[in-house]
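Have a look at this one.
Each reported figure results from applying straightforward, stated rules to the coordinates on display, with no laboratory input. The structure displayed is predicted, hence computed values, not measured ones. So basically every Cβ, Gly included, is an ideal-geometry build from the backbone, and we count neighbours across all protein chains shown.
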């Protein structure tokens with residue numbers, strides 16, 4: 001009774017008490033820190049006896065970081081009871097984390113099972129987002145909930161996947177700052193664990209925190225010459241097309257190292273600081289999936305993933321983020337408009353090219369006109385500019401909106417046979433006459449229209465968020481049920497467009513996936529507007545790098561419309577359903593009836609300054625089936 005508790009480190013506690021569940025681990029059974037030796041110093045830095053107050057872990061996938069964080073939570077519940085706040089990117093992810101990680105941790109570890117009551121409907125101490133234990137409580141919340149971040153005082157903070165956190169939580173500021181403010185009253189006893197896979201250079205939170213730390217890397221010895229080094233992807237060499245020949249080449253002796261040496265190399269490795277920390281109480285660790293233990297992610301599989309990602313910018317970005325644990329450098333400089341003008345192609349304006357499977361449109365509202373760009377899309381987000389229409393008139397008046405409604409009701413002939421309609425259209429409402437735009441859009445009652453508001457933020461997880469209900473006025477009167485408004489992360493889609501505009505063909509005849517096709521009939525001024533902005537890196541008030549878009553030219557309507565058309569494709573589900581989305585479209589186009597008019601493809605459909613082209617009567621709007629992808633408002637005929 002009088003003996004003080006043993007001063008265990010987190011790694012010692014895990015080796016003594018932690019049991020991995022079959023529901024949460026590929027290797028169930030007692031925890032062995034020796035399986036992942038690089039985690040020992042990270043776990044020990046989280047121990048109550050360690051002087052570090054902030055532990056930063058920037059990592060690749062398949063290195064055991066999540067289970068290491070769970071060991072820390074178990075250590076707190078059993079050995080250092082105190083209030084703990086665990087933050088996931090969203091509340092939904094926090095609930096999933098509770099079911100898939102925390103519940104197995106409590107049920108399979110005997111030392112914790114007796115300290116946390118079983119989850120029962122009548123036991124308020126153990127709920128999905130709250131786990132009470134003697135001397136403390138574990139609260140789980142999402143970074144998108146300002147209430148959850150300021151609902152309690154916490155000594156320990158587990159901030160998981162911080163790069164997926166929103167930039168501003170409900171207008172109350174940065175979620176990391178809000179969470180860390182909960183621990184200030186604990187002074188030197190507080191501790192925060194920030195862990196994440198990095199994302200984009202200049203915008204990655206975990207990269208920013210790691211650069212402010214002592215930037216430790218895991219050095220391992222060469223089995224041939226004993227020279228120590230940290231593993232770099234550039235030293236992983238194999239014969240092209242033969243991933244089985246992969247080997248790591250030592251920096252010093254250049255002798256190939258087979259993967260079977262990795263276990264001994266990891267056991268003899270050590271962490272070394274490579275920089276001077278700005279905060280003496282902050283330590284930072286970085287590790288890639290090259291260190292993944294034998295039996296997890298192999299060097300051969302890494303080589304295969306690298307070869308499979310070639311020519312696919314999105315896959316290359318994923319590889320760099322998740323495998324190498326490094327940030328992706330976004331190519332934000334504007335492509336030369338002269339190059340885009342020269343590469344324009346000979347296909348007719350206002351005719352849907354044969355490979356295009358769906359049409360979306362972006363609408364930019366100006367003081368004296370409404371500009372509409374119609375884009376066709378195919379797999380891999382290959383796109384074609386199908387048409388560019390300018391509707392004159394003030395957006396305060398009804399006339400231009402009636403013309404927009406007629407434009408949405410028209411059929412667009414396909415180059416082969418049949419016709420298509422615009423499936424989804426995003427309208428920018430962020431101009432000077434927002435209230436009148438709301439009213440006119442509400443009056444149209446067109447289900448294919450998505451009113452949007454652009455924000456200068458980066459949100460890869462949810463680049464289009466909503467909808468939220470806003471008030472809509474017609475003739476000064478507020479309408480019941482208002483208007484549903486979507487928020488579009490324009491920075492994300494601008495970077496996506498520029499990445500596709502920078503694609504090169506090399507010596508191949510085929511266009512790469514994601515290619516942006518522009519018709520020869522489009523004006524040079526429109527092409528200049530498409531690349532009217534550039535991504536610049538600046539410094540914020542704390543000296544950290546940040547990236548923001550700035551104008552190179554005054555007019556950028558084409559860029560805004562392209563961003564909105566891409567957001568409309570996201571709303572249709574292209575990003576969510578992937579190949580199933582495109583396969584469904586291919587099947588429906590195959591079943592669509594042929595065009596019965598006598599107008600040849602490309603004939604008498606050129607742009608005219610007088611207004612919209614000749615239109616066909618709209619088809620009746622059928623009842624919308626409750627399926628994941630269905631023809632909406634007759635847009636696929």
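Set the Förster distance to 51 Å, then compute FRET efficiency between residue 22 and residue 390 from the Cβ-Cβ distance, nearest 0.05.
Working: r = 62 Å, r/R0 = 1.21.
Given R0 = 51 Å and the Cβ-Cβ separation, E is 0.25.
Next question, about the same structure. So what are the three principal axis dimensions of the stretch 134-186 from its Cα atoms, in whole Å, longest to shortest?
34, 20, 15
Can I ask one more? Which FRET efficiency value, to the nearest 0.05, is calculated for residue 228 and residue 554 with the Förster distance at 51 angstrom and r the Cβ-Cβ distance? Intermediate values should be presented prior to the final figure.
Numbers: r = 56 Å, r/R0 = 1.10.
Step by step, r from the Cβ atoms, then E = 0.35.
Another question, then. Please give, to one decimal in nm, the separation of the simple spin-label points placed at residue 310 and residue 524, each 7 Å out from Cα toward the Cβ.
3.8 nm
Now a separate question. Could you let me know the centre-to-centre spacing of the stretch 432-452 and the stretch 187-246, using Cα atoms, in angstrom?
49 Å
How many percent of all Cα-Cα pairs in the stretch 372-413 sit more than 15 Å apart? It would help to have the intermediate numbers written out before the result.
Numbers: 450 of 861 pairs.
Here the tail beyond 15 Å accounts for 52 percent of pairs.
If the chain between residue 368 and residue 346 were fully stretched, how many nm would it gain, using 0.36 nm times the residue separation less the Cα-Cα distance?
Net length gain for the segment: 4.7 nm.
Listing 128, 420 from the residue with the fewest other Cβ atoms within 10 Å to the one with the most, what is the order? Provide the component values of the computation, followed by the final result.
Working: 128 15, 420 23.
With the sparsest Cβ surroundings first, the list reads 128, 420.
Calculate I(q)/I(0) for the stretch 144-217 by the Debye formula, one identical point scatterer on each C-alpha and no solvent, and give its log10 at q = 0.24, 0.27 Å⁻¹ to two decimals.
After summing over all Cα pairs, the log10 values are -1.20, -1.32.
Tell me whether the stretch 395-465 comes out rounded, prolate or oblate; compute the Cα gyration tensor, take square roots of the eigenvalues as a ≥ b ≥ c, and use a/c under 1.5 as the rounded threshold. All intermediate terms of the calculation are to be shown ahead of the outcome.
Values: a/c = 2.78, a/b = 1.22, b/c = 2.27.
It comes out oblate by the Cα gyration axes.
Could you check what % of the DSSP bridge pairs in the stretch 36-176 are antiparallel, to the nearest 5? Could the numbers behind the result be given before it?
On the way: 6 of 15 bridges.
Counting only bridges with both partners in the stretch 36-176, antiparallel ones make up about 40 percent.
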